[in-house]
1. Is it the case that residue 186 is open to solvent by less than 30 Å² (accessible area, probe 1.4 Å), touching a residue at least 12 places away in the same chain (Cβ under 8 Å) and not in a strand (DSSP E or B)?
2. Write out, first by first residue and then by second, each pair whose Cβ atoms fall under 9 Å of each other, whose residues are 6+ apart or on separate chains, and whose first residue, in the range 37-61, is within 17 Å of residue 82 (Cα to Cα) and among the hydroxyl-bearing types (Ser, Thr, Tyr) while the second is outside any loop (DSSP other than H, G, I, E, B) and open to solvent by less than 20 Å² (accessible area, probe 1.4 Å).
3. In the range 43-57, what residues are outside any loop (DSSP other than H, G, I, E, B), open to solvent by 20 Å² or more (accessible area, probe 1.4 Å) and either modelled with pLDDT under 95 or of a type in the set (Phe, Trp, Tyr) (or both)?
4. Name the single residue that is least open to solvent (accessible area, probe 1.4 Å) among those in the range 58-78 being within 18 Å of residue 182 (Cβ to Cβ) and of a type in the set (Ser, Thr, Tyr).
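The values are calculated or read from the model by the stated rules, or taken from the named source; none is laboratory data. Small disclaimer: the values here were computed from a predicted structure and weren't measured. Positions of Cβ are generated from backbone atoms using ideal geometry, with glycine treated the same way; all protein chains shown enter the neighbour counts. Accessible surface areas use protein heavy atoms only, side chains included; no ligands, DNA or RNA. Shrake-Rupley method; radii C 1.70, N 1.55, O 1.52, S 1.80 Å.
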Amino acid sequence: FYWLQLSTIGNSKRRPATDSSGSRAVHHDPSLNYTKRELVHLDIEVPAYGPITSSLSITESLSICHYSYSWNATGTIKLARGDPEQQYNFMVGVDVAGSSQQAVDSVVWRIDSEHNAMYVRCVEFPSIDDTNTVWDATVRLDVTVFVKPHSLQFGEFSVGTDILDIEIDEGLSFETYHMSLYSTRGNIHGKETEEFTAHEISAISTNGSI
């Protein structure tokens, strides 16, 4: 018997559930001609059905540029089914598209191997003419966590984001005991699947929908 906790600001509910998943196609604006991509990994190698005792986290904090620049930042953090032959249990694909090279270069990320964590943040560039003017830009950031099928995690899996949506892909094959999903302005959604089990989920969106 498992619990799923969902809440939006001013609204919370608790109901039994075991499975949740979903997917949505990524649509890039054709005007976003500047891109960069990278495939990284969290340093965990455990065979299928073998217990993963470590906790993992993915954190996005792009809001500093949202307030400093006149930019429009959107995107998704998605949990998706990985390749059964992938070396690591959690491979992370990062896809950034922007209307300028400076906008794309503003988005940076790093892996903290000691704590099995990934951090995505924004780098502020100084004003070109020293007049404290802001630049207008559009940025799309998509982070996809490819989970090796039949991974079993006893620790906590947490995703925290300022502006991005959080999605659980319907093909996800993953069991975890504690999952925490939080988005300040994004939506959190998924569709039912038989291969994803979370014994406890906490899903919170301050201004988005669930």
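1. Here the answer is yes, as residue 186 does meet what is asked.
2. From residues that are within 17 Å of residue 82 (Cα to Cα) and among the hydroxyl-bearing types (Ser, Thr, Tyr), the pairs are 49/151.
3. 51
4. 76
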